[in-house]
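Read the structure below first, then the notes.
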Ligand code: ADP
Ligand code: MG
């Protein structure tokens, strides 16, 4: 057994808890060592019992002189556990509630260490519910008390206390396996801690200063490895032999005809992006480009132009979208633009089977990945809302054609600093401009006391101006969980019964079958509902021009970029549009961040603000963003990012000189746009 062994191989208890540990992202023993504390409790000073004062938080150590259960006739507190410990300066009582089993393990005569707050009303000195551990004779190092105590991300059934013990044991056993992989000079020049020491100190630091140094080393490693991995992918991509270079110059006239035929004039950002795409398509290496742009900035048509060029050169294209709704929408738009030029477009989703493989463009959900589909001649791949797909799915579509051009699209704005580290291997295009004539969506953060007034205002808007309203319910867990759906159902019932009994309300959530979902959406589109209550699924892609009010519950749970994307669901027609943000309970605490929505209207600016106010940990905490969860590093630490970039450049081409480092780089599977 070694650190790479799966967690279940680590012993009976690990096997039993494997499922829970996976929830924390712990799959191997090494992952467990890399499960880093979020903070520390300072129990570092061991106090003499005689000297402690009421109200202080302390650690005391002493011999158990009495340990007993006391039984009460109370509904809530059935038993009290009382343990008295003593050192050479005095006695103190440790008290727990309803944990009678404790008394079995705390034996009179043993020595225990306990940390907590000294009670304020002392006849006798006592600590309620202290953290404690029984010190073995041989063990002079305490784990849970008498030091800086690591506090970890927990999940149901896995406590910090348990993790602390297991990690401590693993470190005892495997510390030697944590070999240094950074070059010696780099470590010396930057005065970094050695790798194994950093891992040890981040869990059980001597003092805060050491903890910070350990964290700094590990944060640097993370950023360096990401950077090196991106450099490596870039080189690999560029070295591929490419045959599909298109003769774009010969197509110019036809491209212009397409652009002229559109029902709108392209923005200059769109034109720039199209030029960039044309260059890629005609070059000797295949395109590997990320097209970023706010919701509504018009990314689809940019991709459609590239697909048309692909068609003109005799190749097929495929466009993969994350939801059936979105795929269907793309199919309608793209075929309306291209069919008059003889381009055959097909749609494949779960409810729409493919009838013929005689297509030029195939649009669909991940159904496009099906083995049954034979592309005769795939030249261009576009992935919409790429962050919604897993690495595996993106990999599979790549395999459909090794050297097809690849365009990924996202509305998630990624701050520049982050993009340079994460996406160092990609070329970036950014649509910074919105099509003309888009109206600003008036946005308000509504204080809790104005909720009823807001409902009245909404009712009036619906009745007077025939508007339609989205009400988005809180997002409870990362993916659309049953809990989230339940919240939406409850809200739907509450609104129907208590708030808007006179209005027509629909309900939309991710667990509805595609056909039902479409039905609800069509009803809403036709005006059969005034209000659509929805889970955050509305974030992507739904286009209903008559919907002019977006109301979002518990908005503090969303990142600003997500809020911005949801806001983009309204303001699609001519009418004045509004976005109302409600909070659950932390109004004051979140108002500064959320108020940003009232004045900022660009996704990129909102992303920067979120990064500043919440840090990247939160911003990219959910996998929806498609960025890896950093453990030690933070994307807002520009200084360390710079350092990592500089060192990566020094190391890069000669990676073979550092086999251990290379091994680490290869372990990285980037959850971002990693095409291979
Ligand atoms: P997104 O970038 O969010 O994917 P879409 O490509 O779906 O945006 O475009 C949003 C809407 O704007 C669509 O109805 C599209 O036809 C329209 N659109 C795209 N470009 C322009 C433009 N230059 N002027 C006006 N409308 C445009
Ligand atoms: Mg789009």
- Quick check: anything in the stretch 575-583 at pLDDT below 85 and under 23 Å from the mean Cα position of the chain (by Cα)? no
- Looking at (1) more than 22 Å from the chain's Cα centre (by Cα); (2) touching a residue at least 12 places away in the same chain (Cβ under 8 Å); (3) more than 16 Å from ligand 1 (Cβ to nearest atom), which is the one condition that is false for residue 393? (1)
- Task: From (1) at positive phi; (2) at pLDDT 90 or above; (3) within 13 Å of ligand 1 (Cβ to nearest atom), pick out the condition that doesn't hold for residue 342.
- Result: (3)
- Note on the structure: Picking from 306, 321, the residue that is surrounded by 19 or more Cβ atoms within 10 Å (Cβ to Cβ), within 15 Å of ligand 1 (Cβ to nearest atom), more than 18 Å from residue 438 (Cβ to Cβ) and over 29 Å from the mean Cα position of the chain (by Cα) would be 306
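Just to verify a result, which residue in the stretch 103-133, among those that are without any contact (Cβ under 8 Å) to a residue 24 or more places away in the chain and surrounded by fewer than 18 Cβ atoms within 10 Å (Cβ to Cβ), is farthest from the chain's Cα centre (by Cα)?
Taking the candidates together, the pick is 123.
Going through the stretch 597-612 one residue at a time, which ones are in a helix (DSSP H, G or I) and out of contact with any strand residue (DSSP E or B) (no Cβ under 6 Å at 6 or more places or on another chain)? Write out each step before concluding.
Going residue by residue through the stretch 597-612, those that are in a helix (DSSP H, G or I) are 597-599, 603-612.
Across the stretch 597-612, the qualifying residues are 599, 603, 604, 605, 606, 607, 608, 609, 610, 611, 612.
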- Task: Output the residues belonging to the stretch 401-413 that are part of a loop (DSSP other than H, G, I, E, B) and away from ligand 2 (no atom under 16 Å from the Cβ).
- Result: 401, 402, 403, 404
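Does the stretch 267-276 contain any residue that is more than 13 Å from ligand 1 (Cβ to nearest atom), under 33 Å from the mean Cα position of the chain (by Cα) and on the phi < 0 side of the Ramachandran plot?
We begin by selecting, within the stretch 267-276, every residue more than 13 Å from ligand 1 (Cβ to nearest atom); these are 275-276.
So of that shortlist, the ones also under 33 Å from the mean Cα position of the chain (by Cα) come out as 275-276.
Subsequent filtering for residues that are on the phi < 0 side of the Ramachandran plot retains 275-276.
Within the stretch 267-276, one or more residues are more than 13 Å from ligand 1 (Cβ to nearest atom), under 33 Å from the mean Cα position of the chain (by Cα) and on the phi < 0 side of the Ramachandran plot.
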- Message: Of the conditions (1) buried (at least 19 other Cβ atoms within 10 Å of the Cβ); (2) touching a residue at least 40 places away in the same chain (Cβ under 8 Å); (3) outside any loop (DSSP other than H, G, I, E, B), residue 37 satisfies every one except a single condition; which number is it?
- Response: (3)
- Kindly provide the set of residues from the stretch 192-210 that are part of a helix (DSSP H, G or I) and in contact (Cβ under 8 Å) with a residue 24 or more places away in the chain, ordered by number. 195, 199, 200, 202, 203, 208
- Inside the stretch 562-596, can you point out the residues that are part of a helix (DSSP H, G or I), in contact with a strand residue (DSSP E or B) (Cβ under 9 Å, 6 or more places away or on another chain), within 24 Å of residue 545 (Cβ to Cβ) and touching a residue at least 60 places away in the same chain (Cβ under 8 Å)? 566, 567
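What about residue 343, is it closer than 23 Å to residue 312 by Cα and either crowded, with 22+ Cβ neighbours inside 10 Å or within 33 Å of the chain's Cα centre (by Cα) (or both)? Before the answer, list the steps.
On the way: closer than 23 Å to residue 312 by Cα: yes; either crowded, with 22+ Cβ neighbours inside 10 Å or within 33 Å of the chain's Cα centre (by Cα) (or both): no.
No: the conditions fail for residue 343.
Away from ligand 1 (no atom under 16 Å from the Cβ) and either part of a loop (DSSP other than H, G, I, E, B) or under 21 Å from residue 240 (Cβ atoms) (or both): does that describe residue 373? Full working, then the answer.
Details: away from ligand 1 (no atom under 16 Å from the Cβ): yes; either part of a loop (DSSP other than H, G, I, E, B) or under 21 Å from residue 240 (Cβ atoms) (or both): yes.
Yes; evaluated as a whole, the condition is true for this residue.
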- Can you tell which of 55, 25, 50, 19 is over 28 Å from residue 216 (Cβ atoms) and not in a helix (DSSP H, G or I)? 55
- Checked the stretch 282-301 for anything closer than 15 Å to residue 426 by Cα, away from ligand 2 (no atom under 16 Å from the Cβ) and in contact with a helix residue (DSSP H, G or I) (Cβ under 7 Å, 6 or more places away or on another chain); matches are 285, 287, 288
- Which residue out of 189, 185, 172, 177 is in contact (Cβ under 8 Å) with a residue 60 or more places away in the chain, surrounded by fewer than 21 Cβ atoms within 10 Å (Cβ to Cβ) and farther than 29 Å from residue 54 by Cα? 177
- Task: Look through the stretch 275-294, keep the residues that are surrounded by fewer than 21 Cβ atoms within 10 Å (Cβ to Cβ) and out of contact with any strand residue (DSSP E or B) (no Cβ under 6 Å at 6 or more places or on another chain), and return whichever of them is farthest from residue 240 (Cα to Cα).
- Result: 275
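Report yes if residue 383 is modelled with pLDDT of 90 or more, within 16 Å of ligand 2 (Cβ to nearest atom) and within 27 Å of the chain's Cα centre (by Cα), otherwise no. So that I can check it myself, show each step before the final result.
Details: modelled with pLDDT of 90 or more: yes; within 16 Å of ligand 2 (Cβ to nearest atom): yes; within 27 Å of the chain's Cα centre (by Cα): yes.
Yes: the conditions hold for residue 383.
Could you please find all residues in the stretch 418-454 being part of a helix (DSSP H, G or I) and either within 16 Å of ligand 2 (Cβ to nearest atom) or buried (at least 20 other Cβ atoms within 10 Å of the Cβ) (or both)? Let's see the steps before the verdict.
Initially, the stretch 418-454 is screened for residues part of a helix (DSSP H, G or I), giving 418-422, 448-454.
Within the stretch 418-454, 418, 421, 422 qualify.
Looking at 230, 321 in this structure, which one is closer than 18 Å to residue 406 by Cα and touching a strand residue (DSSP E or B) at 6+ places or on another chain (Cβ under 8 Å)? Don't jump to the end; show me each part of the working.
On the way: 230 fails: touching a strand residue (DSSP E or B) at 6+ places or on another chain (Cβ under 8 Å).
Just one listed residue meets the conditions, 321.
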- Qualifying positions in the stretch 530-561 - at pLDDT 85 or above, assigned to a helix (DSSP H, G or I) and over 17 Å from the mean Cα position of the chain (by Cα): none
- Message: Looking at the stretch 55-69, can you tell me whether even one residue there is more than 21 Å from residue 41 (Cβ to Cβ) and free of Cβ contacts under 8 Å to residues at least 24 places away in the same chain?
- Response: no
- Task: Considering every residue within the stretch 249-267, establish whether at least one is crowded, with 22+ Cβ neighbours inside 10 Å and either away from ligand 2 (no atom under 16 Å from the Cβ) or over 30 Å from residue 515 (Cβ atoms) (or both).
- Result: no
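Are there any strands (runs of 3 or more DSSP E) wholly within the stretch 74-119 with 2 or more residues that are under 20 Å from residue 55 (Cβ atoms) and touching a helix residue (DSSP H, G or I) at 6+ places or on another chain (Cβ under 7 Å), and if so which?
On the way: elements: 79-87, 90-97, 111-117.
It comes to 90-97.
The values are calculated or read from the model by the stated rules, or taken from the named source; none is laboratory data. Computed from a predicted model, the values in this text were never measured in an experiment. Here the Cβ is made from the backbone with ideal geometry for all residues, glycine too, and neighbour counts use every protein chain on show.
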